[in-house]
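Chemist: Before I ask anything, here is the structure I am working with.
The values are calculated or read from the model by the stated rules, or taken from the named source; none is laboratory data. What you are looking at is a predicted structure, and each value in this text was computed from that prediction instead of being measured. Glycine also receives a Cβ, built like all others from the backbone with ideal geometry; neighbour counts cover every protein chain displayed.
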Amino acid sequence: MSDKKSKGQARYDELAYEKKNYFETASEEERKEMFGYAEGYKAFLDAAKTEREACAEAVRMAKEHGFTEFRFGDPLAAGDKKYFVNRGKSVVVFRVGTKDLETDGMRIIASHIDAPRIDVKQNPLYEEAGMCFLKTHYYGGIKKYQWTAIPLALHGAVVLKDGSKAEIRVGEDPRDPVFYIDDLLPHLGAEQMAGKAGKIIEGEQLNVVVGGLPYPDDEVKNKLKLTVLKILNEKYGMCEEDFLSAEISAVPAFSARDVGFDRALIGAYGHDDRVCAYPALTAVLNGESEHTVLAMLVDKEEIGSEGTTGMQCKIYEDLMEEICSCLGASFRKVRYASKCLSSDVTAAYDPNFAGVYERMNSAMLSCGTCMCKFTGSRGKSGSNDASAEFVGEVRQMFAREGVVWQTAELGKVDAGGGGTVAMYLAKLNIDTVDLGVPVISMHAPWELISKADLYSNYKAFLAFMK
Ligand code: MN
Ligand code: MN
């Protein structure tokens with residue numbers, strides 16, 4: 001065999017399209033950057049397990065980069081670096097560019113900072129059979145059985161009777177205790193295991209063990225409960241009634257770790273969607289741009305983007321309008337000229353569950369950040385479905401800046417589906433397309449991504465801002 005390609009092979013290589021593994025095509029230097037970038041990302045994941053914490057961490061990082069808080073009514077000028085906090089649960093970090101806003105528009109990257117978890121109910125505390133429990137109501141789409149028999153941490157905020165707020169974060173420090181949802185032993189689990197997986201652990205069985213020590217007083221009926229209440233009172237000034245105005249979540253107590261002998265992958269809780277939020281944030285913090293650029297880190301995507309902190313809330317529109325009016329630009333014209341990357345994760349092709357994927361149009365791990373022209377389900381329903389023209393524009397952007405990327409659909413046609421915030425931005429008359437990192441075991445307590453895809457996502461955002 002000769003080393004030279006045949007004419008046909010050369011022609012094929014020229015005309016045909018094939019995805020490539022980014023680790024393979026990256027230079028030695030670029031590979032080092034990938035691994036270096038991943039370290040900052042892992043630290044962000046460990047600091048930010050809830051939307052409140054992600055918001056606070058984003059603000060801390062923004063301040064470190066010389067960004068200052070923006071409030072409605074503040075003046076704005078080209079070159080300003082600002083962040084806008086919405087109720088401590090979502091944040092928009094932005095830079096005012098030098099280009100004309102009406103003709104150039106805004107460059108928006110939108111991702112979410114909430115993640116599936118187990119929320120504590122409003123009247124949660126009880127004791128039974130030597131254990132003290134918190135009742136819960138899960139948040140987002142989870143496989144309930146995955147959340148049992150793993151160490152959990154409790155994060156959240158409690159608004160006390162007097163209106164003051166106590167922050168809770170227990171289970172992250174190695175010296176902290178952790179919490180636990182129990183499962184049935186296999187010896188007695190025959191009937192359970194024969195049932196449907198969606199039912200083997202039911203919602204009302206997701207009770208979190210939070211104690212087991214009786215209060216030393218024989219007259220007290222609920223001794224275990226009193227011990228827990230006493231600790232909560234000493235630590236946070238809480239009494240039981242304060243659960244009524246609390247948001248406490250059980251999240252996996254695991255920290256982010258490299259996965260594999262070669263450390264190519266990262267396992268962590270909440271890659272969805274911090275694996276897009278972190279690159280969006282760092283791109284706006286670090287990147288150079290003549291455009292006006294916004295990273296929107298929003299809440300409640302996992303439950304339909306509702307509420308005052310979800311993407312459907314008018315506040316994001318109000319903020320954009322406020323920026324326009326500060327700069328003397330018509331919001332209507334600016335919207336029309338704006339472009340948005342709705343940045344959320346997609347399902348990576350999993351060879352162990354090949355049946356639900358269509359391989360040619362699946363996101364392949366390490367082949368770069370993934371564009372989904374459309375999402376939705378049952379015939380693209382509930383999808384933004386970006387135009388060929390806009391996809392073409394983004395494609396040229398990425399080619400110019402050497403971004404390694406791919407396209408995909410979430411699974412086989414009619415195998416299921418999912419949505420993102422894309423359609424809410426598109427509704428404002430802003431060209432929008434989905435772009436995000438492929439994830440293995442999405443919505444599991446510990447999800448898996450590739451460092452190559454994380455870095456590619458960051459590079460894509462930098463290119464989008466150029
Ligand atoms: Mn998501
Ligand atoms: Mn999700």
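Chemist: Please go through segment 362-386 and pick out each residue that is at pLDDT below 95 and either more than 25 Å from the chain's Cα centre (by Cα) or not in a strand (DSSP E or B) (or both).
Modeler: Across segment 362-386, the qualifying residues are K373, F374, T375, R378, G379, K380, G382, S383, N384, D385, A386.
Chemist: A further question on this structure: Return the total of residues in segment 124-144 being surrounded by 13 or more Cβ atoms within 10 Å (Cβ to Cβ) and either of a type in the set (A, V, I, L, M, F, W, C) or within 16 Å of ligand 2 (Cβ to nearest atom) (or both).
Modeler: Applying the first criterion (surrounded by 13 or more Cβ atoms within 10 Å (Cβ to Cβ)) to segment 124-144 yields 124-127, 131-140, 142-144.
In the following step, the residues that additionally are either of a type in the set (A, V, I, L, M, F, W, C) or within 16 Å of ligand 2 (Cβ to nearest atom) (or both) were identified as 125, 131-134, 138-140, 142-144.
Summing the residues that are surrounded by 13 or more Cβ atoms within 10 Å (Cβ to Cβ) and either of a type in the set (A, V, I, L, M, F, W, C) or within 16 Å of ligand 2 (Cβ to nearest atom) (or both) in segment 124-144 gives 11.
Chemist: I'm told S305 meets every condition in (1) within 12 Å of ligand 1 (Cβ to nearest atom); (2) outside any helix (DSSP H, G or I); (3) buried (at least 24 other Cβ atoms within 10 Å of the Cβ); (4) not aromatic (F, W, Y) except one. Can you identify the failing condition by its number?
Modeler: (3)
Chemist: Of the conditions (1) in a loop (DSSP other than H, G, I, E, B); (2) outside the structural domain of M320 (by TED's automatic domain parsing); (3) more than 26 Å from the chain's Cα centre (by Cα), F133 clears all except one; give me its number.
Modeler: (1)
Chemist: To continue, here is another question. Determine whether S255 is within 21 Å of the chain's Cα centre (by Cα), closer than 28 Å to D183 by Cα and not hydrophobic (A, V, I, L, M, F, W, C).
Modeler: Numbers: within 21 Å of the chain's Cα centre (by Cα): yes; closer than 28 Å to D183 by Cα: yes; not hydrophobic (A, V, I, L, M, F, W, C): yes.
For S255, the condition - within 21 Å of the chain's Cα centre (by Cα), closer than 28 Å to D183 by Cα and not hydrophobic (A, V, I, L, M, F, W, C) - is met.
Chemist: Would you confirm whether any residue within segment 145-156 is buried (at least 22 other Cβ atoms within 10 Å of the Cβ) and either within 16 Å of ligand 1 (Cβ to nearest atom) or part of a helix (DSSP H, G or I) (or both)?
Modeler: The answer is yes; a qualifying residue exists.
Chemist: Name every residue in segment 397-445 that is of a type in the set (G, A, S), more than 16 Å from ligand 1 (Cβ to nearest atom) and part of a loop (DSSP other than H, G, I, E, B), in order of residue number. Let's see the steps before the verdict.
Modeler: Of the residues in segment 397-445, the ones of a type in the set (G, A, S) are 399, 402, 408, 411, 415-419, 422, 426, 436, 441, 444.
After this cut, where a residue has to be more than 16 Å from ligand 1 (Cβ to nearest atom) as well, the list is 399, 402, 415, 426.
Correct list: G402, A415.
Chemist: Still on this model: Name the residues in segment 26-69 that are part of a loop (DSSP other than H, G, I, E, B), touching a residue at least 60 places away in the same chain (Cβ under 8 Å) and over 20 Å from Y269 (Cβ atoms), would you?
Modeler: Initially, segment 26-69 is screened for residues part of a loop (DSSP other than H, G, I, E, B), giving 26-27, 48-50, 65-67.
Next, only the ones that are touching a residue at least 60 places away in the same chain (Cβ under 8 Å) stay: 26, 48-50, 65, 67.
Scanning segment 26-69 gives A26, H65, F67.
Chemist: Further question on the same structure: Given the structure, is A329 outside any strand (DSSP E or B), touching a Ser or Thr at 6+ places or on another chain (Cβ under 9 Å) and either closer than 23 Å to F464 by Cα or away from ligand 2 (no atom under 16 Å from the Cβ) (or both)?
Modeler: On the way: outside any strand (DSSP E or B): yes; touching a Ser or Thr at 6+ places or on another chain (Cβ under 9 Å): no; either closer than 23 Å to F464 by Cα or away from ligand 2 (no atom under 16 Å from the Cβ) (or both): yes.
Considered against the rule, which asks whether it is outside any strand (DSSP E or B), touching a Ser or Thr at 6+ places or on another chain (Cβ under 9 Å) and either closer than 23 Å to F464 by Cα or away from ligand 2 (no atom under 16 Å from the Cβ) (or both), A329 comes out as no.
Chemist: What are the pairs, 6+ residues apart or on separate chains, where a residue within segment 273-292 that is in contact (Cβ under 8 Å) with a residue 60 or more places away in the chain and within 16 Å of ligand 2 (Cβ to nearest atom) has its Cβ under 9 Å from a residue that is part of a helix (DSSP H, G or I) and charged (D, E, K, R)?
Modeler: D273/E301; D273/E302; V275/D453
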